[in-house]
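Enquirer: Take this structure first; my questions come after.
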Amino acid sequence: VNNGFSVYTNRNRTGEITASQNKSLNLLKIKHGDMLFLYPSSPAGSSSETMDTSVSQSLRPAGAPKVVEDEIDQYLIKQDGKIYRNRDQQLCRHGPLGKCVHCVPLEPFDEDYLNHLEPPVKHMSFHAYIRKLTGGADKGKFVALENISCKIKSGCEGHPPWPEGICTKCQPSAITLNRQKYRHVDNIMFENHTIADRFLDFWRKTGNQHLGYLYGRYTEHKDIPLGIRAEVAAIYEPPQIGTQNSLEILEDPKAEVVDEIAAKLGLRKVGWIFTDLVSEDTRKGTVRYSRNKDTYYLSAEECITAGNFQNQQPNICRLSPDGHFGSKFVTVVATGGPDNQVHFEGYQVSNQCMALVRDECLLPCRDAPELGYAKESSSEQYVPDVFYKDIDKFGNEITQLARPLPVEYLIIDITTTFPKDPVYTFSISQNPFPIENRDVLGETQDFHSLATYLSQNTSSVFLDIISDFHLLLFLVTNEVMPLRDSISLLLEAVRTKNEELAQTWKKSEQWATIEQLCSTVGVQLPGLQEYGAMGGSPHAVSAAMWACQHCTFMNQPGTEHCEMCSLPRT
């Protein structure tokens, strides 16, 4: 097999020995003690080039698939990452060009440096952890980030399948839960307060808990060496049933379309958010401080849900034989803080928790939300033993079986912030377009609400009017006139903030038809005549049709009752 080297019997590269299955050492007249000479077989490249390629190849373990990592990962791989320090006036005794232990650059995974930050950082960034693994003389040649498996390995033929038999080859290893040293995301930042306020409005108006998916992007977090920040630009609220103390997520037929639109806007699903708010004093506007060290930060059910979401959104990684390792998907809880005001707390669950959830080994406890429970093996499923370490009353470290299990061993906390200078991917209006799936509040997305929104927002800049995530979703997903195929130009205009491109789309037949549809629900739009004149007979027909005020069905002209719901026109 040619591995880039050739073997010769003589130092002057004569007498090459070629690989062969038929020849033995006796036939080649090679005896014990003879000296063989190994030379690179590719003389075209220099030795330094050969070394560079070998180092880059070594960063990916043997058998790992070639994968395309996220843009932020590709960017951070190329960064130096070292923490540079200025010359210490008191301790440094050298010239301005020299370096000593007091001013030499630190590695990004230096724990002393992270512990002395304000506030201290308990978890190094994931890319700093990779630098730690791939540092040293071997350059991480033997590093492989393997995903934990709690399932019996298939294909073991030495015994009957479980539950009749099991052996050390196919049996998964026991898991001892440890604090994860790194985290995949180091900071969560909402672009502005309006995003969070509009989400909290549902709880303020109903008192019921609510859930949403965070859409945004991953960027560099410069406060931590090689850190990653999840920036939230919008919150999508899926179909759900919420009460004062429970949430049920319903199946969402629009989920794929939402992801598709977000991708065209340069966004992706970066996490989920839910409320756990109980009003304490309605006159002061305070909420109860219920999640703390004496109760819990995340319940076992929430940890399992977070683990499930993280498994659905894996982190692409070149160092893993599976091509993925961990997840960048974050969890945000809107709950009461120590000052009885609403606080946003960010979390992730560890890779160990993700494995336990993926292989269905973890259950919540019915009467204690802060405790999980590792399932016991049954005839249907083998579950490996799960342990955690604790301190007993004598101060000794002991190993406990995870039945039950404090979920603090599974949680990684992430700082959640708002910027000093707000950022606006989407424009903010005094009279915003209604958010999807809020029919309980009487806020519906239909052409009447669209017409009301357009009549109240009369900005001369069309891009400001149309740059609303929920409005764009309605234009694509409404049942009367979905614009799924013809809206790409508008989404590109919103993504690049290009007013000329938006104006080009505004002159299209689709927008003229939408304005005509809006006019049929009884709200006259400013400047409608201008666009109506551009259309032809199709617009005249659509103007003659009328939309039912109750179900928004488009009825033929000349009818006084809706063909769909049979209610009167007025």
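Enquirer: Take segment 374-399 and flag every residue that is modelled with pLDDT of 90 or more and of a type in the set (Asp, Glu).
Expert: 376, 385 - these are the residues of segment 374-399 that are modelled with pLDDT of 90 or more and of a type in the set (Asp, Glu).
Enquirer: Could you run through segment 129-168 and say how many residues are touching a strand residue (DSSP E or B) at 6+ places or on another chain (Cβ under 7 Å) and within 19 Å of residue 108 (Cβ to Cβ)?
Expert: Summing the residues that are touching a strand residue (DSSP E or B) at 6+ places or on another chain (Cβ under 7 Å) and within 19 Å of residue 108 (Cβ to Cβ) in segment 129-168 gives 2.
Enquirer: How many residues are closer than 20 Å to residue 202 by Cβ, touching a residue at least 12 places away in the same chain (Cβ under 8 Å) and not in a loop (DSSP other than H, G, I, E, B) if we restrict to segment 427-451?
Expert: Residues that pass the stated criteria total 4.
Enquirer: Against the conditions (1) assigned to a loop (DSSP other than H, G, I, E, B); (2) touching a Ser or Thr at 6+ places or on another chain (Cβ under 7 Å); (3) surrounded by 19 or more Cβ atoms within 10 Å (Cβ to Cβ), where does residue 203 fall short? Just the number, please.
Expert: If we test residue 203 against (1) assigned to a loop (DSSP other than H, G, I, E, B); (2) touching a Ser or Thr at 6+ places or on another chain (Cβ under 7 Å); (3) surrounded by 19 or more Cβ atoms within 10 Å (Cβ to Cβ), just (1) comes out false.
Enquirer: Would you pick out the residues in segment 258-278 that are more than 20 Å from residue 198 (Cβ to Cβ), more than 13 Å from the chain's Cα centre (by Cα) and not in a helix (DSSP H, G or I)?
Expert: 266, 278
Enquirer: Any residue in segment 316-328 that is open to solvent by 50 Å² or more (accessible area, probe 1.4 Å), assigned to a helix (DSSP H, G or I) and farther than 17 Å from residue 268 by Cβ?
Expert: No, every residue in segment 316-328 fails to be open to solvent by 50 Å² or more (accessible area, probe 1.4 Å), assigned to a helix (DSSP H, G or I) and farther than 17 Å from residue 268 by Cβ.
Enquirer: Please enumerate the residues belonging to segment 374-417 that are out of contact with any Leu (no Cβ under 7 Å at 6 or more places or on another chain), of a type in the set (Asp, Glu) and not in a strand (DSSP E or B).
Expert: Those that are out of contact with any Leu (no Cβ under 7 Å at 6 or more places or on another chain), of a type in the set (Asp, Glu) and not in a strand (DSSP E or B): 376, 380, 392, 408.
Enquirer: Inside segment 161-200, can you point out the residues that are among the β-branched types (Val, Ile, Thr) and in contact (Cβ under 8 Å) with a residue 24 or more places away in the chain? Steps first, please.
Expert: Filtering segment 161-200 for residues among the β-branched types (Val, Ile, Thr) gives 166, 168, 175-176, 185, 188, 194-195.
Residues satisfying the conditions are 166, 175, 176, 185, 188, 194, 195.
Enquirer: Can you go through 475, 489 and tell me which one is surrounded by 17 or more Cβ atoms within 10 Å (Cβ to Cβ) and either not in a loop (DSSP other than H, G, I, E, B) or not polar (S, T, N, Q) (or both)? Spell out the reasoning first.
Expert: Numbers: 489 fails: surrounded by 17 or more Cβ atoms within 10 Å (Cβ to Cβ).
The match here is 475.
Enquirer: Based on this model, can you work out whether residue 520 counts as closer than 27 Å to residue 489 by Cα, among the polar types (S, T, N, Q), at pLDDT 80 or above and open to solvent by 40 Å² or more (accessible area, probe 1.4 Å)?
Expert: For residue 520, the condition - closer than 27 Å to residue 489 by Cα, among the polar types (S, T, N, Q), at pLDDT 80 or above and open to solvent by 40 Å² or more (accessible area, probe 1.4 Å) - is not met.
Enquirer: Same structure again: Quick check on segment 123-130. Is at least one of its residues more than 26 Å from the chain's Cα centre (by Cα) and of a type outside the set (Asp, Glu)?
Expert: Within segment 123-130, none of the residues are more than 26 Å from the chain's Cα centre (by Cα) and of a type outside the set (Asp, Glu).
Enquirer: Here's a follow-up. Condition first: without any contact (Cβ under 8 Å) to a residue 60 or more places away in the chain and either surrounded by 12 or more Cβ atoms within 10 Å (Cβ to Cβ) or touching a Ser or Thr at 6+ places or on another chain (Cβ under 8 Å) (or both). Now tell me which residues in segment 148-160 satisfy that.
Expert: Those that are without any contact (Cβ under 8 Å) to a residue 60 or more places away in the chain and either surrounded by 12 or more Cβ atoms within 10 Å (Cβ to Cβ) or touching a Ser or Thr at 6+ places or on another chain (Cβ under 8 Å) (or both): 156, 159.
The values are calculated or read from the model by the stated rules, or taken from the named source; none is laboratory data. This is a predicted model, so every value here is computed, not measured. Virtual Cβ from ideal backbone geometry, glycine too; neighbours counted across all protein chains shown. Note: areas computed on protein heavy atoms with side chains; ligands, DNA, RNA excluded. Shrake-Rupley method; radii C 1.70, N 1.55, O 1.52, S 1.80 Å.
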